[in-house]
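Here's the structure we're looking at; comments come further down.
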Amino acid sequence: FQKHEFFVDMTCEGCSNAVTRVLHRLGGVQFDIDLPNKKVCIDSEHNIDTLLETLKKTGKNASYLGEKSAQ
């Protein structure tokens, strides 16, 4: 799986919960939410467009930051 990093304009716990909800609905994803830095790191077989569209369903501004290299 490729790890992808996305920016999502989250300001509170409610925002991160919304992200969690839409990603769970999509399925087949493992993810970490970094609320202070407004980043979501997603581990998934879905393509970037699908992931981005899914994140945008939260109504938040979202953009793709790039691949996250395995640490």
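The values are calculated or read from the model by the stated rules, or taken from the named source; none is laboratory data. It should be emphasised that the depicted structure is a prediction, and the values quoted were computed from it without experimental measurement. Note that each Cβ is placed from the backbone with ideal geometry, even for glycine, and that neighbours are counted across all protein chains shown. The area values use the complete protein model at the heavy-atom level, side chains included, leaving out ligands, DNA and RNA. Shrake-Rupley method; radii C 1.70, N 1.55, O 1.52, S 1.80 Å.
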> Do any GluC sites (Glu not before Pro) in the stretch 1-49 lie in a DSSP loop with no more than 10 other beta carbon atoms within 10 Å, and if so, which?
Replying inline: Glu45
> With contacts defined as alpha carbon pairs under 8 Å and 6 or more residues apart, what's the relative contact order of the chain in percent?
Replying inline: 50
>> Run the simple label-point estimate for Asp9 and Ser63 please: 7 Å along Cα→C-beta, distance reported in nm.
In response: 1.1
> When the accessible area of the chain is computed with all protein chains present and a 1.4 Å probe, what percentage of it is carbon and sulfur?
Replying inline: 45
> What length, rounded to one decimal in nm, is gained on full extension from Gln30 through to Lys56, with 0.36 nm per residue of separation minus their alpha-carbon distance?
Replying inline: 7.6 nm
